[in-house]
Amino acid sequence: MPKLPLVLGHEVVGRVVAAGIGVERFREGDRVGVPWLGATCGRCRTAWPARENLCDAPEFTGYTRDGGYASHMLADAGYVFALSDAYDDAHAAPLLCAGLIGYRALRFAGDAKTLGIYGFGAAAHLIAQLAIWQGRRVFAFTKPGDADGQAFARALGCAWAGDSTQPPPEPLDAAVLFAPVGSLVPAALRATRKAGTVVCGGIHMSEIPAFPYEILWGERVLRSVANLTREDASSSSRWPPRVPIRTHVQTWPLAQADEALDAVRTGRVRGAAVLLCQ
């Protein structure tokens, strides 16, 4: 239920040009990031700090409130955060949603030593690097025939890369699905050993087909990830320079937003697409 008309854009990097009355966290000129979660009601039970991502009346950047496809935008200071100087603007932007929600999904995967990632796009290429740094073995699953995507995954350090119709070379301790393809849920459950976890990291997914109980049995867990919290942002801000995560981006000027979206839609982006509003 987005508002219309709507300015899109939910991973926004910019500088503060003015602050409202009572705002003390930021000053004019500060470099900040505006993530997907734009505000919460602060009243409902699910909006407690640890669960604010589940608020019943949330605001989302570029969806229920105007986003960053513009020269200027308005943001709630309580949901904006300072950015590390370890990344320039273009390379910081993907961390604000792909990185944060990917990080939350990885946390829900627990201490899995062998991790499968289905859909190797913006979120996956960041979280794969973090998981490998943590000492995990990562198996990357791409669209059938995406040899370039598989080569990209291996270049980042993944132990194996293949298409999503193949089983991994060994059972997974956990799997994270970034591809919004419901048929991958049963595939991931089949690839995951007993007591393993399958995490669905997308906001939307196509219909999940019926599957036999036996692939869920064995105390496997199937769960979703919804949005992000400010604590996720705070935790991830401590990555650099301790964690050597490199964001891979392809940039377009704002006037070519349609071309950038088409490149994402057709799988021609390795890493993340970023628009430059200059």
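Summarised as an ellipsoid, segment 70-175 has semi-axes of 29, 16, 12 Å, derived from the eigenvalues of the Cα gyration tensor scaled by 5 and square-rooted, with the largest first.
For the peptides 117-123, 56-62, the ranking by packing is 117-123, 56-62, with the highest mean count of neighbouring Cβ atoms within 10 Å listed first. Karplus-based coupling profile of segment 110-120, in residue order and whole Hz: x, 9, 3, 8, 10, 10, x, 10, 9, x, 9, with θ = phi - 60° in 6.51 cos²θ - 1.76 cosθ + 1.60 and x standing for Gly or Pro. Here's how it looks for Q250: its modeled amide H is under 5 Å from those of A272, A273, V274, which are all 5 or more places away or on a different chain.
Once you divide the Cα radius of gyration of segment 159-278 by 2.2 N^0.38 Å, the number left is 1.30.
At 222 nm, what value in deg cm²/dmol follows for the chain if DSSP H runs of at least 4 each add -39500 (n - 2.57) and the sum is divided by all its residues, to the nearest 500?
-6000 deg cm²/dmol
Note on K113 and I208: the model spin-label points, each 7 Å out from Cα along the C-beta direction, lie 2.8 nm apart. A simple packing score, the average count of other Cβ atoms within 10 Å per residue, orders the peptides 128-135, 175-182 as 175-182, 128-135, with the highest score first. Computed from the C-beta positions of T266 and D76, the FRET efficiency with R₀ = 30 Å rounds to 0.30. A straight chain from K143 to V23 at 0.36 nm per residue would run longer than the Cα-Cα distance by 38.6 nm.
Report relative contact order for segment 38-94 in percent, whole number only (criteria: Cα-Cα under 8 Å, sequence separation at least 6). The partial results should precede the final answer.
Values: 47 pairs, mean separation 15.8, N = 57.
Computed value for segment 38-94: 28 percent relative contact order.
When you restrict to C-alpha pairs under 8 Å that are six or more residues apart and normalise by the size of the chain, the relative contact order lands at 18 percent. Net length available on complete extension from R193 to A90 is 33.2 nm, with 0.36 nm assigned per residue and the Cα-Cα distance removed. Remark: relative contact order (segment 128-257) = 19 percent; criterion is Cα-Cα distance under 8 angstrom and separation of 6 or more residues.
For segment 194-236, the Cβ-based charge dipole about the Cα centre amounts to some 60 debye (Lys, Arg positive; Asp, Glu negative; other atoms uncharged).
Computed on the Cα atoms alone, the convex hull of the chain gives a volume of 139 cubic angstrom per residue. Along segment 167-182 the Karplus relation, 6.51 cos²θ - 1.76 cosθ + 1.60 evaluated at θ = phi - 60°, assigns HN-Hα couplings of x, x, x, 8, x, 8, 7, 7, 9, 10, 9, 9, 6, x, 10, x Hz to successive residues, with x for each Gly and Pro.
At a 1.4 Å probe, what is the % contribution of carbon and sulfur to the accessible area of the chain?
Solvent-exposed carbon and sulfur of the chain make up 54 percent of the total.
Near the amide H of V12, within less than 5 Å, lie the amide hydrogens of V34, all on another chain or at least 5 residues away, with H placed in the peptide plane. Bridging of K143 to aspartates and glutamates at a Cα separation below 16 Å is possible for D163, once same-chain residues fewer than 8 apart are set aside.
The values are calculated or read from the model by the stated rules, or taken from the named source; none is laboratory data. Quick caveat, the model's predicted, so the values are computed rather than measured. Neighbour counts run over all protein chains shown; Cβ positions are idealised from the backbone, glycine included. Ligands, DNA and RNA are excluded from the accessible area calculation, which covers all protein heavy atoms including side chains. Shrake-Rupley method; radii C 1.70, N 1.55, O 1.52, S 1.80 Å.
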